[in-house]
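Report on the structure given below.
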Amino acid sequence: GDDFYGPRGGGIGQGLPSAIGVKLANPRRPVICLSGDGSSLYTIQALWSAAHHNVPVVFIILNNRVYRILKLNMNRYRSNFGVGGERPHPHMDLTDPNMQYVDIARGFGVDGKRIEDPAEVGPAIKAAVASGKPMLLDILIDGTV
């Protein structure tokens, strides 16, 4: 059957290394990792482990160029403490420069592809799974708060 694995609690950053563990535990099943761009930065070095040990996981980075969940949490905390109005979210935008996850992946030995057109997502995932190698797909999405 289809399985979904995720973290307990509200922590971020577990997706990439956890996907490698899931694949090692289920070597005959395809494993696709979904991670936010900011979350992936906590453990991006897991890509090296996937390349070094040839663990064929498809790593999908949902790239909205922002720590969106942290901004949303900050808004909730501010609301709980009666801090209203539009306030900035310093240091939570992943821009200037924009992260180049395909380049980062290649630096760790994992091939990758940036996807901007939603019509390319399905075929790219199928090709990545069929490759039998670790692969990173950097999918640009909207992430405004």
Reach of K126 by Cα under 30 Å, taken over lysines that are not fewer than 8 positions away in the same chain: K23, K113
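For A119 and T95, calculate 0.36 nm times their separation in residues minus their Cα-Cα distance, and state this gained length in nm to one decimal. Please report the intermediate quantities before stating the final value.
Working: separation 24, 0.36 × 24 = 8.64 nm, distance 2.50 nm.
Computed gain between A119 and T95 is 6.1 nm.
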Could you tell me which residue out of P97, G82, G109 lies farthest along the dipole of the range 76-145 toward its positive end? Charges go on the beta carbon: Lys and Arg +1, Asp and Glu -1, centred on the Cα centre. G82
Determine the share of the chain's accessible area contributed by carbon and sulfur atoms, expressed in whole percent, with a 1.4 angstrom probe. 55
Skip the ligands, DNA and RNA, and give the accessible area per residue of the chain with a 1.4 Å probe, whole Å². 61
If one builds a Gaussian network model of the chain from Cα atoms under 10 Å apart, the most fluctuating residue listed among D93, D117, D103 is D117
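Would you mind classifying the range 99-145 by shape? Square roots of the alpha carbon gyration tensor eigenvalues, ordered a ≥ b ≥ c; an a/c under 1.5 is rounded, otherwise it is prolate if a/b is larger than b/c and oblate if not.
Oblate shape, in that a/c is at least 1.5 and b/c is the bigger or equal ratio.
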To the nearest 10 Å², what's K126's accessible area with a 1.4 Å probe? 150
What fraction of the DSSP beta bridges in the chain is antiparallel, stated in percent and rounded to the nearest 5? 5
Consider a paramagnetic label point 7 Å from the Cα of K126 along Cα→Cβ; state which residues of the range 24-60 have an amide N under 20 Å from it. 29-33, 57-60
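The values are calculated or read from the model by the stated rules, or taken from the named source; none is laboratory data. Fair warning: this is a prediction, and the values are worked out from it, not measured in the lab. Methodologically, a virtual Cβ is constructed for each residue, glycine included, from the backbone with ideal geometry; neighbour enumeration extends over all protein chains shown. Side chains included, ligands, DNA and RNA excluded: accessible areas come from the protein's heavy atoms. Shrake-Rupley method; radii C 1.70, N 1.55, O 1.52, S 1.80 Å.
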